[in-house]
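Shown next, in structure tokens, is the structure this report addresses.
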Amino acid sequence: MASPPVPSTTAAQACWTVAPGRAEIRSETLPALAEGEVRVRTLHTGVSRGTEGLVFRGEVPAGEAQRMRAPFQAGDFPGPVKYGYVNVGVVEDGPADLLGRTVFCLYPHQTVYQVPASAVVPLPGGVPPARAVLAANLETAINALWDAAPRLGDRIAVVGGGTLGLLVAWLAARLPGCEVQVVDTEAGRSDVAIALGAGFALPADARADADLVVHTSAQAAGVATALRLAAFEATVLELSWYGNRAVSVPLGEAFHSQRLTLKSSQVGQVATPQRGRWSHRRRLELALSLLTDPALDRLITHSAPFHELPNVLERLSTGAPDTLCHRIDYPV
């Protein structure tokens with residue numbers, strides 16, 4: 001009697017932070033595909049400089065370790081941990097309606113992986129896979145503007161011209177009558193800001209009296225600048241996350257006399273005004289649908305092959321001010 005067929009397995013490689021400041025590529029074997037799952041061959045991942053930098057440096061506070069877990073994280077902080085949530089790939093096995101589709105998934109940096117079919121979102125037409133690595137940051141920017149609730153005609157300052165700040169500015173600049181200015185210490189960010197429809201200024205030259213200020217620089221000096229630029233009874237929306245670092249916030253000076261509001265925003269929960277009607281998936285689908293603008297390619301300033309990712313993480317964790325979004329490309 002013939003033996004029953006042995007379910008096939010698949011070899012994969014993934015990037016792990018094995019200790020603070022050190023990452024390596026590890027091999028693993030995926031089990032046979034289960035019912036209702038898809039197998040995805042990765043095309044590109046993106047490095048989330050803020051959050052992944054904190055993870056790589058071992059700066060995740062112990063009290064936030066559970067809330068900080070990525071959806072498909074393996075291991076625990078500070079390491080070894082397989083972390084990441086910006087993955088674009090092609091479905092090579094699974095339900096017939098997804099076979100061959102290019103999809104986005106909140107999965108770490110790995111060559112091939114298996115997840116429930118419900119965890120992947122197909123890319124809409126007109127969105128190149130290489131640009132789709134911006135989806136997670138754009139989803140955060142969408143949530144931020146839902147939290148901030150800007151009004152038509154507002155003067156909006158975005159302090160911090162990184163990938164997230166520039167995406168916030170790009171969205172805000174499309175609101176009728178709004179004047180948007182990106183404020184950053186790197187003068188080289190001006191061309192990108194202008195290409196995305198916003199103005200630009202160095203901190204010393206920034207326009208004051210902003211109706212709304214969004215802060216994304218993750219620097220104490222940026223917080224001070226954001227508070228200084230806010231007009232009477234304006235809101236300063238804090239998008240930066242500092243991990244276990246203590247940050248000095250100047251709540252003296254004009255903070256009270258200007259009656260300012262300092263408010264946090266974080267993508268883990270759908271913003272309160274939308275929460276009753278919007279799911280995380282619907283919000284992600286919205287972000288992907290907005291990535292048809294070729295101007296957004298200017299935010300992807302660097303790319304590297306997958307095998308160089310440990311070195312990329314080390315370089316980004318120590319500065320690299322010339323880098324916005326760093327894309328990782330996988331062998332096909």
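The values are calculated or read from the model by the stated rules, or taken from the named source; none is laboratory data. For clarity, every value in this text was computed on a predicted model and none was experimentally measured. Here the Cβ is made from the backbone with ideal geometry for all residues, glycine too, and neighbour counts use every protein chain on show.
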Could you list, in sequence order, the residues of the range 129-161 that are part of a loop (DSSP other than H, G, I, E, B), touching a strand residue (DSSP E or B) at 6+ places or on another chain (Cβ under 9 Å) and within 29 Å of Ala187 (Cα to Cα)?
Ala130, Arg131, Ala149, Pro150, Arg151, Gly153, Asp154, Gly160, Gly161
Using beta carbons and a limit of 6 Å, which pairs, at least six apart or on different chains, have the first residue in the range 262-275 and over 13 Å from Thr140 (Cβ atoms) and the second one outside any strand (DSSP E or B)?
Pro273/Trp146; Gln274/Trp146
Of the conditions (1) in a loop (DSSP other than H, G, I, E, B); (2) out of contact with any His (no Cβ under 8 Å at 6 or more places or on another chain), Thr323 satisfies every one except a single condition; which number is it?
(2)
Which condition does Gly268 not pass, out of (1) outside any loop (DSSP other than H, G, I, E, B); (2) within 27 Å of Ala14 (Cα to Cα); (3) at pLDDT below 95, if it passes all the others?
(1)
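When only residues in the range 239-265 that are in a loop (DSSP other than H, G, I, E, B) and basic (Lys, Arg) count, which is nearest to Leu167 (Cα to Cα)?
Of all residues in the range 239-265, those in a loop (DSSP other than H, G, I, E, B) come to 239-260, 265.
If we keep only those that are basic (Lys, Arg) too, we end up with 245, 259.
Working: Arg245: 25, Arg259: 28 Å.
Among those that are in a loop (DSSP other than H, G, I, E, B) and basic (Lys, Arg), it is Arg245.
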Between residues in the range 16-30 that are without any contact (Cβ under 8 Å) to a residue 24 or more places away in the chain and residues that are part of a loop (DSSP other than H, G, I, E, B) and among the hydroxyl-bearing types (Ser, Thr, Tyr), which pairs lie under 7 Å by C-beta distance while being six or more apart or on different chains?
Thr29/Thr9
Within the range 8-19, track down each residue that is at pLDDT below 95 and surrounded by fewer than 18 Cβ atoms within 10 Å (Cβ to Cβ).
Ser8, Thr9
Which ones in the range 230-285 are within 22 Å of Ala169 (Cβ to Cβ) and either loosely packed, with under 14 Cβ neighbours inside 10 Å or of a type in the set (Lys, Arg) (or both)?
Thr261, Lys263, Ser264, Pro273, Arg283
Has the range 247-262 got at least one residue that is modelled with pLDDT of 95 or more, under 26 Å from Pro124 (Cα atoms) and over 23 Å from the mean Cα position of the chain (by Cα)?
no
Boolean, Thr235 is touching a Cys at 6+ places or on another chain (Cβ under 7 Å), closer than 19 Å to Gly160 by Cβ and at pLDDT 95 or above
no
Can you find, within the range 95-128, the residue that is surrounded by the fewest Cβ atoms within 10 Å (Cβ to Cβ) among those that are of a type outside the set (Ser, Thr, Tyr), in a loop (DSSP other than H, G, I, E, B) and within 18 Å of the chain's Cα centre (by Cα)?
Pro128
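So in the range 46-80, with the set limited to residues that are assigned to a strand (DSSP E or B) and touching a helix residue (DSSP H, G or I) at 6+ places or on another chain (Cβ under 7 Å), which one is farthest from Gly94 (Cα to Cα)?
The selected residue is Val47.
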Here the qualifying pairs (Cβ atoms under 6 Å; residues six or more apart or on different chains; first in the range 157-180 and over 15 Å from Gly222 (Cα atoms); second acidic (Asp, Glu)) come out as Cys178/Asp154
Going by the conditions given, is Ala231 assigned to a loop (DSSP other than H, G, I, E, B) and either under 30 Å from Asp205 (Cβ atoms) or small (Gly, Ala, Ser) (or both)?
no
Unique residue being modelled with pLDDT of 95 or more, in contact with a Gly (Cβ under 7 Å, 6 or more places away or on another chain) and not assigned by TED's automatic domain parsing to the domain that holds Ala295 when the list is Val182, Val213, Val223, Val192
Val182
Tell me, please, whether a residue that is assigned to a strand (DSSP E or B) and either in contact with a His (Cβ under 8 Å, 6 or more places away or on another chain) or at pLDDT below 95 (or both) can be found in the range 271-279.
no
Residue within the range 168-181 that is among the polar types (S, T, N, Q), more than 25 Å from Thr272 (Cβ to Cβ) and surrounded by fewer than 24 Cβ atoms within 10 Å (Cβ to Cβ) present
yes
Would you mind finding the one in Leu299, Leu309 that is outside the structural domain of Ala193 (by TED's automatic domain parsing), in contact with a helix residue (DSSP H, G or I) (Cβ under 6 Å, 6 or more places away or on another chain) and farther than 20 Å from Trp146 by Cβ?
Leu299
Search the range 109-123 for residues that are under 21 Å from Leu291 (Cβ atoms) and pair each with any residue that is loosely packed, with under 15 Cβ neighbours inside 10 Å when their beta-carbon atoms are under 7 Å apart and the residues are at least 6 apart or on different chains.
Val121/Arg281
